[in-house]
Amino acid sequence: MVDIFLICVIVVGFFLLAVIGLYLVVKYQHPDDKNDAYIPKLVVLLGFVLAGGTVFLLPLDVANNSNFAGCEGFNTAVCGGLNMVLFWDIIYWLIPAWVFILIPFCIFYYEADDGMLMAGGSVGAKPKTKLKKGLCY
C-alpha cells in the first residue's frame, strides 16, 4: 500500500521546486529576452526542478524505508509502497540526458538567433543541424 503522506510530499515538493525555479528564471533573465526564448527558459526551469528533485530524493527514500528494519528497497509492499529503485533510475538517466543532449542543443539553438528572422534567414529551420553540431562538440 502506498503511503498517502509520501505522495502528498512529492506533489507539494515538485510544486515548490517549480515555483522557486520559475521565480529564479524570471528574476535573472536578460531584459532583451523578456518575451522570447521560451524553450531555453523551460529547459533551465526543468533543470532546477531536476536538481532539487535529486536532493529531495534521498530524504524521500529514507522516509519510504523507515517503517521496517531490513528494507532493501525491492520489497515495496512492506516498505512504504514506493519503488525507490525506479525513482533513482529515472533521475540517474535524466541527468546525463539533460547535461549532454538537451542543454547543448538549447545553447546552440538559442545562439543561432542572429536577428535575421525577417531578412529571410530562419532561426529554427534546421534543428537537426544544430543537434549534429552540438553532438560534435
Item to check | Point-to-point label distance, Lys27-Val99, nm (Cα→Cβ direction, 7 Å offset) | outcome: 2.6 nm
Next on the checklist: Can you tell me which lysines have their Cα less than 30 Å from the Cα of Lys132? Leave out same-chain residues fewer than eight positions away.
Outcome noted: Lys34, Lys41
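No value in this document is a laboratory result; all are computed from the given coordinates. Computed from a predicted structure; not experimentally measured. All Cβ positions, even for glycine, are placed from backbone atoms using ideal geometry, and neighbour counts span all protein chains on display.
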